[in-house]
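Notes follow once the structure below has been shown.
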Amino acid sequence: MSAPLIVSIPHRLGRDEAIRRLRTGLTRAASAISILSVDEERWDGDRMVFRVRALGQAAHGHVDVADDHVRLEVMLPWLLQRFAEAAQSVIRQRGQVLLGRPDDRGGGGRASG
């Protein structure tokens, strides 16, 4: 059995706002990636359990939402493991767009720095 693909995405939204944004995020992300379809998306408290299909291969996993980060863990079939590094980068980028960059302070403006 292979190791899962794990992506952690920091945020400053708080748990409730992150969950609110993620509730529609998986389906929206799948619609933006033509080879990805969502077979199941189920929430149990702060955890979303999902099954997706890409390139004819099924994958499953879960997303745990914390106050300051989101942790995605997905088990990929061998064919999709070959794309894991690229997938990890895309997942992190899409997650940061959905949740905002970790340096965003809210309010829509740029963070000073």
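Scanning segment 6-58 for residues that are among the hydroxyl-bearing types (Ser, Thr, Tyr), within 12 Å of the chain's Cα centre (by Cα) and more than 21 Å from Asp68 (Cβ to Cβ) yields Thr24, Thr27. Within segment 1-38, being at pLDDT below 80, touching a strand residue (DSSP E or B) at 6+ places or on another chain (Cβ under 7 Å) and of a type in the set (S, T, N, Q) holds for one residue alone: Thr27.
The set of residues in segment 16-31 that are in contact (Cβ under 8 Å) with a residue 60 or more places away in the chain and among the small types (Gly, Ala, Ser) comprises Ala18, Gly25, Ala29. Scan segment 67-88 and give yes if some residue there is at pLDDT below 80, of a type in the set (D, E, K, R), outside any strand (DSSP E or B) and surrounded by fewer than 15 Cβ atoms within 10 Å (Cβ to Cβ), otherwise no. Looking for residues that are at pLDDT below 80, of a type in the set (D, E, K, R), outside any strand (DSSP E or B) and surrounded by fewer than 15 Cβ atoms within 10 Å (Cβ to Cβ), one finds at least one in segment 67-88, hence yes.
So that you can scan it fast, the table gives a plain yes or no per residue for (1) on the phi > 0 side of the Ramachandran plot; (2) touching a helix residue (DSSP H, G or I) at 6+ places or on another chain (Cβ under 8 Å); (3) not aliphatic (A, V, I, L, M):
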residue	(1), (2), (3)
Arg71	no, no, yes
Leu80	no, yes, no
Gln93	no, no, yes
Val97	no, no, no
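Scanning segment 13-46 for residues that are surrounded by 14 or more Cβ atoms within 10 Å (Cβ to Cβ) and within 13 Å of Val63 (Cβ to Cβ) yields Arg15, Ala18, Ile19, Arg21, Leu22, Gly25, Leu26, Ala29, Val38, Glu41, Trp43, Asp46.
To keep it simple, each residue is scored yes or no on (1) within 19 Å of Arg82 (Cβ to Cβ); (2) not in a strand (DSSP E or B).
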{"site": "Ser2", "(1), (2)": "yes, yes"}
{"site": "Glu17", "(1), (2)": "no, yes"}
{"site": "Arg20", "(1), (2)": "no, yes"}
{"site": "Leu26", "(1), (2)": "no, yes"}
{"site": "Glu40", "(1), (2)": "no, no"}
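Restricting to segment 3-60, and then to whatever is in contact with a His (Cβ under 7 Å, 6 or more places away or on another chain) and among the β-branched types (Val, Ile, Thr), can you tell me which residue is nearest to Trp78 (Cα to Cα)? Within segment 3-60, the match that is nearest to Trp78 (Cα to Cα) is Val49. Residues of segment 47-56 that are surrounded by 14 or more Cβ atoms within 10 Å (Cβ to Cβ) and either touching a helix residue (DSSP H, G or I) at 6+ places or on another chain (Cβ under 9 Å) or in contact (Cβ under 8 Å) with a residue 40 or more places away in the chain (or both): Met48, Phe50, Val52, Ala54.
The values are calculated or read from the model by the stated rules, or taken from the named source; none is laboratory data. Worth saying up front: this structure is predicted, and the values here are computed from it rather than measured. Positions of Cβ are backbone-derived with ideal geometry, glycine not excepted, and every protein chain shown enters the neighbour counts.
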